[in-house]
Amino acid sequence: MKSPAAGRLFSRPAAVASCFGFVLIGMLQALYGPAVPGLRAQFGLSPSGAGLGLSLHFSGGVAGVLAFNAIHSRISNRALLAASYGLMALGGAGFALAPDWPLALAAAFLGGLGFGGLDYGLNQLFAVGFGDRSTAMLNVLNAHFGIGAVLGPAVVAWLGPDAYAYAFGACAVLAAVLVPLGSSGVRTGAVERSDQRTASLGGLPRVLVGFLALYILNVGVEAGVGGWEPTHLETVGYSATVAASATSVYWLMMTAGRFLVAPVTLRYSPERILTICAAGMTVCLLPARVKGVAPVAYAGVGLFIAPVFPTGLPWLNRALPQARRAGAWVIAASMIGGVAAPPLLGVGIEASGIHAVPWLLTALSAASLAATVWLIRLTRRFVD
């Protein structure tokens, strides 16, 4: 009989270090927006020009996911994580010390490569690395991303936008420390794949499309609320301060939701949890058009949408054990969706008005619920 730890990929110190790694990537991603005033003053940039930093970071992230997935079968888990932390350290230091904007953008892309490698590597390894507790541990891991996303803007607010370099430098130091600490307690074998004969499985393309649709729709709701909630609340009569605070509560509820759902995943299947989550965020969005309850409604969306990304990955691995690249495609698609969703929603808002925000988000959420139900039926037939 195997011991409980026999199938685990992470020692306890390595698991703790990985959580700090997700605090790091959340913090680094969240630094670019608050740093815009300092970047504009330092390099003489327009607002759109200063926004290229985050765009290059995300572009590097997508490239990192796909690149590390392509070589993961040929390198150890330790090497993957150490390289990812190293790239983040170089990118953070380069952005902090860059003498001109082109070099800063190159550093943002370099740091993004590490971000993508770490996002891909830790999510994939946590999805299989803790046995029956993998789903719970994935939620705990991703909750730490939220902690970093809250800390990043707070650090810039404390230091001042003109001192953004110190914040990026601190991230570089933490990443360098995690190069040995975050990889030393991880088993060196690559993630096991049961089979790579994906082309011969007739049901596989539809299942993968279903998961891609599910993740893109959920990321669309997540980014749509985060990007458009403040504008909608101000339009219906709330002050800018209240609107910003309500959006912070939304992100905090996402972080709390992932911690809270961790024990629930030990008792209920991912399918049941995701169905409840999709229904819950759809119900919460319906009253968001009513001024008096809108901030509470958006906070509820944060609570229900929180478990979707981490809880879906173990389901994906169970439903598609033959698809070696499925996890990478889903993670990369989520990154692209997170960047594309707010401006795409903006097109609909320009046509319908800002008061249409809750209706557009409700439509996306309802589509997510439909995709979840369809995917449950599809995966049951596929597995059976």
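Structure values in brief
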| item | result |
| --- | --- |
| Subset of region 5-16 that is over 23 Å from PHE115 (Cα atoms) and in contact (Cβ under 8 Å) with a residue 60 or more places away in the chain - its residue that is surrounded by the most Cβ atoms within 10 Å (Cβ to Cβ) | ARG8 |
| Condition check for TYR250: of a type outside the set (A, V, I, L, M, F, W, C), farther than 19 Å from ASP132 by Cβ and touching a Phe, Trp or Tyr at 6+ places or on another chain (Cβ under 7 Å) | yes |
| Residue that is assigned to a helix (DSSP H, G or I) and either without any contact (Cβ under 8 Å) to a residue 24 or more places away in the chain or farther than 23 Å from TYR120 by Cα (or both), where the choices are LEU375, LEU286, LEU316 | LEU286 |
| Any hit, region 63-83, residues being assigned to a helix (DSSP H, G or I) and more than 27 Å from LEU181 (Cα to Cα) | no |
| Exclusive hit being farther than 29 Å from GLY129 by Cα, surrounded by 16 or more Cβ atoms within 10 Å (Cβ to Cβ) and either outside the structural domain of GLN124 (by TED's automatic domain parsing) or without any contact (Cβ under 8 Å) to a residue 24 or more places away in the chain (or both), set PRO307, PRO295 | PRO295 |
| Residue list for region 15-62, filter: in a helix (DSSP H, G or I) and either of a type in the set (Ser, Thr, Tyr) or in contact with a Lys or Arg (Cβ under 9 Å, 6 or more places away or on another chain) (or both) | ALA15, SER18, PRO47, SER48, GLY49, ALA50, SER55, SER59 |
| Filtered residues of region 17-76 (kept if crowded, with 19+ Cβ neighbours inside 10 Å, in contact (Cβ under 8 Å) with a residue 24 or more places away in the chain, of a type in the set (A, V, I, L, M, F, W, C) and over 26 Å from VAL140 (Cβ atoms)) | ALA35, VAL36, LEU39, LEU54, LEU56 |
| Looking only at region 5-54, and only at residues there that are modelled with pLDDT of 90 or more and among the polar types (S, T, N, Q), the one that is nearest to LEU159 (Cα to Cα) | GLN42 |
| Among the residues listed as ARG289, ARG258, the single one being among the basic types (Lys, Arg) and buried (at least 20 other Cβ atoms within 10 Å of the Cβ) | ARG258 |
| Residue count, region 145-180 (criterion: surrounded by fewer than 23 Cβ atoms within 10 Å (Cβ to Cβ), of a type outside the set (Gly, Ala, Ser) and at pLDDT 90 or above) | 7 |
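The values are calculated or read from the model by the stated rules, or taken from the named source; none is laboratory data. What you see is a predicted model, and the numbers here were worked out from it, not measured in a lab. Cβ sites come from the backbone with ideal geometry, for glycine too, and all protein chains shown count toward neighbours.
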